[in-house]
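The values are calculated or read from the model by the stated rules, or taken from the named source; none is laboratory data. Bear in mind the structure is a predicted one, so any value in this text is a computation, not a measurement. Cβ placement follows ideal geometry from the backbone for every residue including glycine, while neighbour counts extend to all protein chains displayed.
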Ligand code: GLN
């Protein structure tokens, strides 16, 4: 199967590795620039985007990772990972940066203004049947550029988007035992 890196600075790295393995990918934890070499794809896990941002700069991973994304490395970002793949961020911490790539604006902790965490069943383009989606202090997408396809919405907001080789969800499929979103990503590699 394809070799998929899981950015392992912070967040639920092991859960993503487990799901990726179950859909036929090989996985590699990525903390250092040289671990980006030879990847077929990259998962940016959920966690805390401001911490992922800070550690990526401290470990000198930010620049090579951004370069790899610009060069077309396919990536899937979940929750904090969605934030990291977005070109623009609202309600980030002061000086918080994203890696970018997806022509979207996301709002950090967007649903959290009403309720921190919730679960709901959503329709997701490319997956048959409903997906049980777990949202934990999740972002939503506030603006989508022309090339961005909205795959799912919740409470009227886009929560799954795709643009070329980049996929992002506000929710955590790795937390439910549902392998289909990772399956969608791995099948595209
Ligand atoms: N609120 C977190 C952030 O800002 C995301 C939460 C998550 O990934 N479950 O990065």
Checklist outcome for this item: Here, strands (runs of 3 or more DSSP E) confined to region 74-125 with at least 1 residues that are modelled with pLDDT under 95 and more than 10 Å from the ligand (Cβ to nearest atom) are 117-123
Item to check | Per-region count, region 30-60, residues crowded, with 24+ Cβ neighbours inside 10 Å and over 16 Å from the mean Cα position of the chain (by Cα) | outcome: 0
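Among the residues of region 144-155, write down those that are at pLDDT 95 or above and either out of contact with any strand residue (DSSP E or B) (no Cβ under 6 Å at 6 or more places or on another chain) or away from the ligand (no atom under 16 Å from the Cβ) (or both). Outline the logic, then answer.
Residues of region 144-155 at pLDDT 95 or above: 144-154.
Once the filter is applied, which keeps residues that are at pLDDT 95 or above and either out of contact with any strand residue (DSSP E or B) (no Cβ under 6 Å at 6 or more places or on another chain) or away from the ligand (no atom under 16 Å from the Cβ) (or both), region 144-155 yields 144, 145, 146, 147, 148, 149, 150, 151, 152, 153.
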Checklist outcome for this item: residue 143 fails exactly one of (1) farther than 17 Å from residue 174 by Cα; (2) part of a loop (DSSP other than H, G, I, E, B); (3) in contact (Cβ under 8 Å) with a residue 40 or more places away in the chain, namely (2)
Checklist entry - Any idea which residue in region 12-29 is surrounded by the fewest Cβ atoms within 10 Å (Cβ to Cβ), counting only those that are outside any helix (DSSP H, G or I) and either on the phi < 0 side of the Ramachandran plot or in contact with a helix residue (DSSP H, G or I) (Cβ under 6 Å, 6 or more places away or on another chain) (or both)? => result 26
Checklist entry - Out of all the residues in region 31-55, which are in a helix (DSSP H, G or I) and within 13 Å of the ligand (Cβ to nearest atom)? => result 49, 50, 51, 52, 53, 54, 55
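Answer yes or no as to whether residue 4 is more than 10 Å from the ligand (Cβ to nearest atom) and surrounded by fewer than 24 Cβ atoms within 10 Å (Cβ to Cβ).
On the way: more than 10 Å from the ligand (Cβ to nearest atom): yes; surrounded by fewer than 24 Cβ atoms within 10 Å (Cβ to Cβ): no.
So residue 4 does not fit the description; no.
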Next on the checklist: I'm checking my understanding of the structure. Among residues of region 128-140 that are in a loop (DSSP other than H, G, I, E, B) and under 17 Å from the mean Cα position of the chain (by Cα), which one is nearest to the ligand (Cβ to nearest atom)?
Outcome noted: 137
Next on the checklist: I want to confirm something. Restricting to region 107-165 and keeping residues that are more than 20 Å from residue 76 (Cα to Cα) and in contact with a helix residue (DSSP H, G or I) (Cβ under 9 Å, 6 or more places away or on another chain), which single residue is surrounded by the fewest Cβ atoms within 10 Å (Cβ to Cβ)?
Outcome noted: 129
